[in-house]
1. Mind listing just one residue for me: the one in the range 36-61 that is under 21 Å from Leu104 (Cβ atoms), of a type in the set (Val, Ile, Thr) and away from ligand 2 (no atom under 16 Å from the Cβ) and, of those, surrounded by the fewest Cβ atoms within 10 Å (Cβ to Cβ)?
2. Tally up the residues in the range 47-93 that are free of Cβ contacts under 8 Å to residues at least 40 places away in the same chain and under 25 Å from Arg27 (Cβ atoms), please.
3. Please verify whether Arg117 is under 20 Å from Ser148 (Cβ atoms), within 12 Å of ligand 1 (Cβ to nearest atom) and not small (Gly, Ala, Ser), treating the condition exactly as stated.
4. Considering only residues that are in contact with a Gly (Cβ under 8 Å, 6 or more places away or on another chain) and polar (S, T, N, Q), which ones fall in the range 192-231?
5. Gly31 versus (1) away from ligand 1 (no atom under 11 Å from the Cβ); (2) in contact (Cβ under 8 Å) with a residue 12 or more places away in the chain: which is the lone unmet condition?
6. Scan the range 101-119 residue by residue and report those that are within 14 Å of Leu8 (Cα to Cα) and either within 14 Å of ligand 2 (Cβ to nearest atom) or crowded, with 20+ Cβ neighbours inside 10 Å (or both).
7. Return only the number of the condition from (1) buried (at least 22 other Cβ atoms within 10 Å of the Cβ); (2) modelled with pLDDT under 95; (3) of a type in the set (A, V, I, L, M) that Ala33 does not satisfy.
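The values are calculated or read from the model by the stated rules, or taken from the named source; none is laboratory data. No experiment lies behind these values; they were computed from the predicted model shown. Glycine gets a Cβ as well: all are built from the backbone with ideal geometry, and neighbour counts include every protein chain shown.
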Amino acid sequence: MSASFAILIPCLDEAGSIAAVLQDIWRTFAGDAMPSIIVVDDGSTDGTAEVAERQGGMSVQVVRHDRPRGYGEAIKTGILNAKADVICLMDGDGQHAAGDVRRLFEKWRPGTLVVGRRSDPGVGSRRIARALLRRWSRAIGGVEVHDSNSGMMLFPRALAVRMLPFLPDGMAYSDSFKLLFSLLRMDVIEVPIHVGARQAGRSKNSINDGLRTVISTFVMVVLINPTRVFLPVGVGMLLVGTAWAIPFLLMNRGLTAVSVTLILGGIMSLFFGLIFRILSGITQSIIVGMDR
Ligand SMILES: Nc1nc2c(ncn2[C@@H]2O[C@H](COP(=O)(O)OP(=O)(O)O)[C@@H](O)[C@H]2O)c(=O)[nH]1
Ligand SMILES: [Mg+2]
């Protein structure tokens with residue numbers, strides 16, 4: 001049996017571009033197997049949902065939040081409402097091309113995440129933020145996804161549903177979702193895509209989103225691979241605490257408060273690591289189950 005596909009478009013105030021996005025999808029898939037389309041309107045005040053309904057009629061499923069609950073929340077709503085086996089995320093601002101979505105569909109294999117990798121590295125502060133976030137993900141998670149922040153990605157719905165409770169509500173969703181996939185040692189394929197200029201409205205990304213992403217990706221690592229955090233911290237504190245103690249012991253002055261604090265802290269970190277390691281086994285069996 002072949003898989004069914006859906007395109008999920010999370011939107012916040014995209015009334016000026018959502019109609020063109022839908023037309024692009026219909027043009028691209030005309031005469032072919034048409035994926036189902038879900039637009040999640042995250043409490044827009046510019047009539048995004050109405051435009052999508054008017055434009056799409058019966059062929060677009062429009063789901064609304066009564067107030068803005070965040071990009072990640074909008075995606076979660078879409079994933080829960082979708083009926084297809086495989087979902088592709090696409091921005092509602094017209095920056096993504098349906099032709100690229102189609103190429104992602106073609107690359108799909110069971111259990112994989114297919115990421116649309118943007119060719120432009122961004123400009124100014126965005127370029128720096130993206131590069132920093134990617135380095136951070138690599139340092140903390142030990143995994144490499146080049147365009148960790150890309151909003152175009154394709155994944156199996158059933159697996160994503162089991163990941164939802166662990167994922168953040170806001171813009172940090174993109175990086176966290178990709179990192180979670182990699183940490184679970186599932187395949188992440190990157191496909192080059194083209195990203196155009198925004199057609200209407202303005203970008204909603206902020207510095208705050210960057211900071212939340214740092215925290216959220218850290219949480220993903222603790223969730224799946226806690227040893228990576230607790231082991232080096234624990235061993236480091238033990239070593240420094242012991243080294244600090246040696247000169248005082250040689251002078252017969254006993255253990256100092258600094259040494260005791262570091263050594264105890266190190267032991268606690270190792271114990272926490274052990275507990276989180278056991279919890280991560282449970283989390284992994286919930287998320288991945290028998291899929292791998
Ligand atoms: N549901 C929801 N969607 C959002 C939110 N912020 C941005 N988006 C959508 O996410 C996509 C990408 O956002 P955008 O601001 O263009 O980010 P950029 O392309 O990185 O500048 C667009 O389709 C937006 O409508 C939000 O708070 N909630
Ligand atoms: Mg955009």
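1. Selected residue: Val60.
2. First pass over the range 47-93, keeping only residues free of Cβ contacts under 8 Å to residues at least 40 places away in the same chain: 47, 49-51, 53-67, 77.
From what's left, under 25 Å from Arg27 (Cβ atoms): 47, 49-51, 53-63.
Selection size over the range 47-93: 15.
3. Working: under 20 Å from Ser148 (Cβ atoms): yes; within 12 Å of ligand 1 (Cβ to nearest atom): no; not small (Gly, Ala, Ser): yes.
Answer is no for this residue.
4. Result: Gln199, Thr217, Asn225, Thr227.
5. (2)
6. Of the range 101-119, the ones within 14 Å of Leu8 (Cα to Cα) are 101-102, 104-105.
Those that are within 14 Å of Leu8 (Cα to Cα) and either within 14 Å of ligand 2 (Cβ to nearest atom) or crowded, with 20+ Cβ neighbours inside 10 Å (or both): Val101, Leu104.
7. Just one mismatch for Ala33, condition (1).
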